Structure formats: C-alpha cells, structure tokens
Amino acid sequence: MPKVNYGSKAATHYMLGVPEYWQTKAGINGWRLDAANEVTPDFWRKFRTKVKSLDKDAWIVGEVWGDGTPWLKGDQWDSVMNYQFRQAILGFLTSSGSGKASDLMKNLMRVYSSYAPQVSRNMMNLIGSHDTPRILTLCNGDRSLAKLAAILQFTWVGAPSIYYGDEIGMEGAKDPDNRRAMAWSTVTPKNDFLALYKVLIHARNANLPLQSGDPVPLISDDATRVVAFARVLEEKADVVAINRDTQPHSIDLNLSSVAGLPRSAATVEFTDALSGRTCSPSKGTLHLRLAARSAAVLVPRSGSFIHSRHNGRAIPSAASAMSIASAHKEPL
C-alpha cells in the first residue's frame, strides 16, 4: 500500500476529500481505519472534523491492537477494534491463557475502566477478524467453548462485531485459512451456532441493560471456573453467569448486598434468555445450577424480552441453541 506524506497540504487536502466523496455517492454510516496508529494524529483530527460535518452520527473506529486511549479523547476516533477484549476471552476459554475466572473478570474490568464509560459502551468487541484464527479453531473445535465466547461477546459492555462465518461455526487457522469462502451450505435451521446467535441478538436488542448497562462483577471462582456479572442501567439489572468447567456447578448470587445493584434485582423474577426458564431470588439470593460449559443470561421477566417470538417469528429454542453439555440444560 502507498505511503502518504501527510506533511503535504495537497496530500492532506486530497485525503480529506475521500469521506465527502463517498458520503455524497453512497451515504456512509461509519469508517473503519486500517492500521490507523501508523497515521499522524493531526490528520485524524482533521478527518474527524470533516466526517462529523457530513454526518454527526457517523462512527469512526480505528484498528489498534492495544490501548486506544491516545485516539479516544474526543478529538480523533469514536472507538477501536477491541482486541484487548478478545485477549481476555481467549485467556479464559482457550489454552492461550490461565483459564481462571478471576483473570477473565480482572482483564475485562481493566479494559472497561481504562476508557470513559461512553467510550467503553461503543468499543468494537470482537472475538475474531480477518487477521486472526477463528474462535472455533482456537478452541480446538470445542463448540461449547466457542459458544461461551459468543455469549460473553453479546453480554459484555461494548458493540459486538461478528466476523462472517463465526455465527455458523466456521473454522480457520491463521491468514489465509481464516478467510475461507462463506459456508452457505451450513446456513440451515439445524445449525446450532446460528440458532444461538439469533437468540443472543434478540436478547440484546430487547434489553437495554445488555446494550448500555454498566458492569457489576458478582462472582469469579477459580476453583469452579464460574464467573457472573450484572449489567445495570438505572433501576434495571440483567445477570449473566458462565460455567467454563467440565462439571456442573451450583452457585448462589447474593443480589441484595452487592454495591451497584438496584434493589429490584433482589426481588424480581428472571427469565433465562437462553432456555426460557424462570427463576427468582429467595431472600435476596439467586440460586443457579449451571450445566458443564453452559451459561445463563437472566433478564427481568417484566421486561420486553419474549423468548419464543420476535417480530412475529419464532425464535429457536435455547435447548437447541445452546446444546453445550447435552441437549437438555439442568434446571436453574
């Protein structure tokens, strides 16, 4: 690719004409900036001014594999590709890390806390891209672990970004193997990955806390490899629990004494978005039984989430969507 001398006024003027051209010709909702850390910050400031003058809501996301703080102070980009989020997920679910629940929560909260809340809420959360091996391959073909990665991606703070094919369980090692053609033949109602992704997308779209809520850690047990957290928005809270272990585990979540949780969390009846089953806290404590390598995404039953239908169409049952340890989840 050519190197542009951004010290040249003529080159800068030409490049700043790019967003205006495409906005006029096609209408652009956002810009993903490749190898963006290799371009002078002064140009990105001018680029932002130009883009926002054309569409104040246009999203600017830069490719940076580490900390994006220098570019996320309001004068350059809106977001970055959140490879630090991906690394936290891989460290918990693959052999690349410790597999400890405490490390997962520590790393997720570290990345979240390193940015202003409004920035963290629109970070581009990915578990794979055109530059990385696919998540199912990194999980050594273990579909249950790859599904847990998707659940974390759709329930943690940020904007989930799906690398094409991950939603149907495609595999692929490092580039170019990770760029195989889309496996359209597997896009069927029987595809368990596709069913799960549909449930996760519906659950997120129907529940504001999963979109914009602040994270509140609840438990991270290294012995059982279970992690749980809440997403809190005003007086509403959704609860997410993940069992990464090969054995089922029971956990008790005290929702009445955790700082940051609304009082309603200790009394509300929850629906598991993945199974459709309901559960309620008893004297402020929520008892959950999680099958091996499974999860629960609990949303208030009184909320807008309806498990079985979406816009008049049936949503796949969670038993088929998850099918993590077996075809039937253990009772909550």
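Going by accessible surface with a 1.4 Å probe and the largest first, H202, H287, H13, H130 read H13, H287, H130, H202.
Solvent exposure of D221, expressed as accessible area, is near 50 Å², computed with a probe of 1.4 Å over the protein chains only.
So if each residue of separation counts as 0.36 nm, and I subtract the Cα-Cα distance between T40 and D214, what length gain in nm does that give? Contour length minus Cα-Cα distance gives 59.3 nm.
Placing +1 on the Cβ of every Lys and Arg and -1 on the Cβ of every Asp and Glu, with no other charges, gives the chain a dipole of roughly 420 debye about its Cα centre. Principal-axis analysis of the Cα atoms of the chain puts helix 83-93 at an angle of about 30° to the longest axis. The value for the chain of Rg(Cα) / (2.2 N^0.38 Å) is 1.05.
In summary, the lysines within cross-link reach of K100, defined as a Cα separation below 19 angstrom excluding same-chain residues under 8 places away, comprise K147.
For the set K9, K283, K198, K147, solvent exposure ranked by accessible area (probe 1.4 Å, protein chains only) runs largest to smallest as K283, K9, K198, K147. Between K9 and R277, full extension at 0.36 nm per residue minus the direct alpha carbon distance yields a gain of 90.3 nm. Site pair S114 and W184 shows an inter-label distance of 4.0 nm when each label is modelled 7 Å from Cα along Cα→Cβ.
The listed residues T278, T24, T224 rank as T24, T278, T224 when sorted by accessible area, largest first, using a 1.4 Å probe.
Were the residues from Y164 through K56 laid out at 0.36 nm apart, the gain over their Cα-Cα distance would be 36.1 nm.
Roughly how many percent of the accessible protein surface of the chain is carbon and sulfur, given a 1.4 Å probe and a whole-percent answer? Accessible surface attributable to carbon and sulfur in the chain totals 53 percent. Of the GluC sites (Glu not before Pro) found in the stretch 164-235, those in coil by DSSP whose Cβ has at most 14 other Cβ atoms within 10 Å are E234, E235. Mean separation of Cα pairs under 8 Å and 6 or more residues apart, divided by the residue count, gives the stretch 1-111 a relative contact order of 19 percent. Straight-line cross-link reach from K174 at under 20 Å between alpha-carbon atoms covers these aspartates and glutamates, not counting any fewer than eight positions away in the same chain: D34, E63, D131, D142, D166. Computed with a 1.4 Å probe on the full set of protein chains, the accessible area for W59 sits at about 90 Å². Working from Cα positions, state the angle (0 to 90°, nearest 10) between the long axis of helix 41-54 and the longest principal axis of the chain. Around 80 degrees separate the two axes. What the chain shows is 46 Å² of accessible area per residue, with the surface traced by a 1.4 Å probe over protein heavy atoms. Rounded to the nearest 10 degrees, what's the angle between the helix 143-155 long axis and the longest principal axis of the chain, both from Cα atoms, 0 to 90? Tilt relative to the chain: about 70 degrees.
Each Lys and Arg contributes +1 and each Asp and Glu -1, all at the Cβ; summed about the Cα centre of the stretch 173-289, the dipole is approximately 340 debye. Charges were assigned to the Cβ only: +1 to each Lys and Arg, -1 to each Asp and Glu. The resulting dipole of the stretch 70-208 about its Cα centre is roughly 240 debye. A probe of 1.4 angstrom, applied to the heavy atoms of all protein chains, finds S95 with accessible area near 110 square angstrom.
The values are calculated or read from the model by the stated rules, or taken from the named source; none is laboratory data. Note that the structure is a prediction, hence the values are computed from the model and not measured. Here the Cβ is made from the backbone with ideal geometry for all residues, glycine too, and neighbour counts use every protein chain on show. In case anyone asks, the SASA skips ligands and DNA or RNA and just uses the protein heavy atoms, side chains included. Shrake-Rupley method; radii C 1.70, N 1.55, O 1.52, S 1.80 Å.
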